[in-house]
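Structure, as structure tokens:
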Amino acid sequence: MKPISYLAAPLWVLQLASGAKSFRANPLIGSARLNRRGLHMARVRLARTMAERRRQRLAASVGAAEIADYTRDGYVVCRDFLPPELFAEIRRGLDANPLPSWERREGATVTRRASLDRPDIKGRPALAAFLDDNCLFDLMRYVAGCGGEPLVHVQTVIAEPDPSRPDPQNTLHMDTFHSTAKAWLYLQDVGPEDGPLLYVPGSHRMTAERLAWERELSMRAARHADPEIAAGSFRIDRETAVRLGYREPVAMTVPANTLVVADTHGFHARCASARPTHRSELYATLRRNPFLPVTGLHFHAMPGLRGRLSTRQVQLDGLLKRFDIGGPWHDVPPKRLADPPSI
Ligand SMILES: [Fe+2]
């Protein structure tokens with residue numbers, strides 16, 4: 001490490017109390033010596049304790065059946081989530097009218113996100129009604145174990161079956177070291193060959209075996225050959241997950257208008273597509289600092305940001321790209337659901 005890098009040392013210390021997860025980018029988080037002494041374990045355990053406390057406060061807004069499903073499996077599936085007329089109207093609108101969009105490529109898969117920011121859906125009351133219904137967001141807050149404003153997009157996954165260009169999302173993994181929520185409201189039926197979401201039921205629970213597995217990996221993650229593991233998104237194979245005491249992965253093959261909300265600290269993947277796939281969903285994410293004692297005070301809920309986050313994120317990404325430090329997303333022309341990718 002260059003001596004000048006040590007100027008960032010105060011930031012490394014502050015990041016220990018945040019959701020920062022990269023073992024490669026932060027020499028404290030990635031320190032084999034500190035992780036042997038239990039640093040990673042301490043972060044996992046404290047994050048879990050804080051999430052459980054916040055979750056108890058959020059439980060009043062969620063049904064008993066959803067709580068039971070989440071507690072057992074780590075995910076909740078709701079069929080026929082939207083009233084059929086509202087669902088059909090949303091589908092029609094997205095088929096006919098383009099939305100500001102951006103795309104990223106992982107292997108042979110292109111993921112497109114389209115903005116559902118309020119200014120972009122003006123005059124589209126069906127989408128506004130979806131965003132105004134708190135049911136989804138309350139459930140996401142409970143699953144994530146935190147309050148706050150989920151970020152919502154239309155997501156389209158366009159995948160070619162090509163084993164020579166692997167998609168890292170096809171490997172079972174946890175997104176980070178603490179509970180976060182992702183939600184998919186499928187706009188089409190999802191069959192076994194359409195690259196469905198795969199989830200290892202119960203893998204959101206930190207068993208003694210799971211903690212020992214994370215501890216061992218934390219000591220060598222910073223130098224791991226797999227960049228996703230080095231970045232803090234641990235990968236696992238099916239056999240190891242079963243050896244840790246978890247059940248076999250479940251593929252979410254579901255009809256259109258099914259909502260799936262999952263805690264992505266649990267092991268999950270996108271199944272590799274067995275045929276060319278072009279699939280869309282209303283997609284939402286919620287992830288916050290895992291050590292917060294409160295459920296409120298979310299930056300995303302601030303005036304000027306609420307309902308405009310996608311646009312702001314893209315602007316920030318574009319700014320960072322100018323300095324060659326931007327993320328993987330590319331601005332593309334406005335798109336309808338069925339439009340082909342531009343990258
Ligand atoms: Fe993931």
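With (1) within 29 Å of Q155 (Cβ to Cβ); (2) more than 16 Å from the ligand (Cβ to nearest atom); (3) surrounded by fewer than 17 Cβ atoms within 10 Å (Cβ to Cβ) as the list, and R243 as the residue in question, which single condition is left unmet?
Of everything listed in (1) within 29 Å of Q155 (Cβ to Cβ); (2) more than 16 Å from the ligand (Cβ to nearest atom); (3) surrounded by fewer than 17 Cβ atoms within 10 Å (Cβ to Cβ), R243 misses just condition (1).
For the stretch 46-66, how many residues are touching a residue at least 40 places away in the same chain (Cβ under 8 Å) and surrounded by fewer than 17 Cβ atoms within 10 Å (Cβ to Cβ)?
Going through the stretch 46-66 one residue at a time, the tally reaches 6.
Name the residues in the stretch 100-112 that are in a strand (DSSP E or B) and either surrounded by fewer than 23 Cβ atoms within 10 Å (Cβ to Cβ) or over 22 Å from the mean Cα position of the chain (by Cα) (or both), would you?
Scanning the stretch 100-112 gives P100, E103, R104, R105, E106, V110, T111.
Restricting to the stretch 262-280, name every residue that is away from the ligand (no atom under 14 Å from the Cβ) and closer than 27 Å to P84 by Cα.
T277, H278, R279, S280, listed by residue number.
Filtering the stretch 114-166 down to residues that are buried (at least 21 other Cβ atoms within 10 Å of the Cβ) and of a type in the set (S, T, Y), which residue is nearest to F177 (Cα to Cα)?
Result: Y142.
Tell me, please, whether a residue that is in contact (Cβ under 8 Å) with a residue 40 or more places away in the chain, more than 21 Å from S233 (Cα to Cα) and either β-branched (V, I, T) or within 15 Å of the ligand (Cβ to nearest atom) (or both) can be found in the stretch 88-102.
Narrowing the stretch 88-102 to residues in contact (Cβ under 8 Å) with a residue 40 or more places away in the chain: 90-91, 94-102.
Still in the running and more than 21 Å from S233 (Cα to Cα): 90-91, 94-102.
Among the residues that remain, those that are also either β-branched (V, I, T) or within 15 Å of the ligand (Cβ to nearest atom) (or both) are: 90.
Within the stretch 88-102 (the criterion being in contact (Cβ under 8 Å) with a residue 40 or more places away in the chain, more than 21 Å from S233 (Cα to Cα) and either β-branched (V, I, T) or within 15 Å of the ligand (Cβ to nearest atom) (or both)), the answer is yes, since at least one residue qualifies.
Can you name every residue in the stretch 272-291 that is under 30 Å from L211 (Cβ atoms) and either in contact with a helix residue (DSSP H, G or I) (Cβ under 7 Å, 6 or more places away or on another chain) or among the charged types (D, E, K, R) (or both)?
Scanning the stretch 272-291 gives A272, A284, L286, R287, R288, P290, F291.
When you look at R57, is it outside any helix (DSSP H, G or I) and of a type outside the set (F, W, Y), yes or no? Reasoning before the result, please.
Numbers: outside any helix (DSSP H, G or I): no; of a type outside the set (F, W, Y): yes.
Taking the combined requirement at face value, the residue does not satisfy it.
Here is a list of conditions, (1) surrounded by fewer than 18 Cβ atoms within 10 Å (Cβ to Cβ); (2) within 16 Å of the ligand (Cβ to nearest atom), and W213 meets all of them except one; can you say which number that is?
Unmet condition: (2).
When you check P227 against the structure, is it buried (at least 21 other Cβ atoms within 10 Å of the Cβ), modelled with pLDDT under 95 and out of contact with any Lys or Arg (no Cβ under 6 Å at 6 or more places or on another chain), yes or no?
no
I'd like to know if the stretch 162-171 contains one or more residues that are free of Cβ contacts under 8 Å to residues at least 60 places away in the same chain, charged (D, E, K, R), over 16 Å from V77 (Cα atoms) and not in a helix (DSSP H, G or I).
Looking through the stretch 162-171, at least one residue is free of Cβ contacts under 8 Å to residues at least 60 places away in the same chain, charged (D, E, K, R), over 16 Å from V77 (Cα atoms) and not in a helix (DSSP H, G or I).
Output yes when any residue across the stretch 186-195 is at pLDDT 90 or above and within 15 Å of the ligand (Cβ to nearest atom), and no when none is.
Looking through the stretch 186-195, none of the residues is at pLDDT 90 or above and within 15 Å of the ligand (Cβ to nearest atom).
Rundown of residues vs (1) more than 17 Å from G74 (Cβ to Cβ); (2) surrounded by fewer than 17 Cβ atoms within 10 Å (Cβ to Cβ), yes/no style:
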residue: P192; (1), (2): yes, yes
residue: L198; (1), (2): no, no
residue: A208; (1), (2): yes, yes
residue: G232; (1), (2): yes, no
residue: R235; (1), (2): yes, no
residue: R238; (1), (2): no, yes
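Just to verify a result, which residue in the stretch 249-287, among those that are at pLDDT below 95 and among the charged types (D, E, K, R), is farthest from P192 (Cα to Cα)?
The residue in question is R287.
Given D175, D80, which one is modelled with pLDDT of 90 or more and on the phi > 0 side of the Ramachandran plot?
D80
What do you reckon, is R141 of a type in the set (K, R) and in a helix (DSSP H, G or I)?
Against the criterion (of a type in the set (K, R) and in a helix (DSSP H, G or I)), R141 qualifies.
The values are calculated or read from the model by the stated rules, or taken from the named source; none is laboratory data. Not measured: the values here are computed from a predicted model. We place every Cβ from the backbone using ideal geometry, glycine too, and count neighbours over all the protein chains shown.
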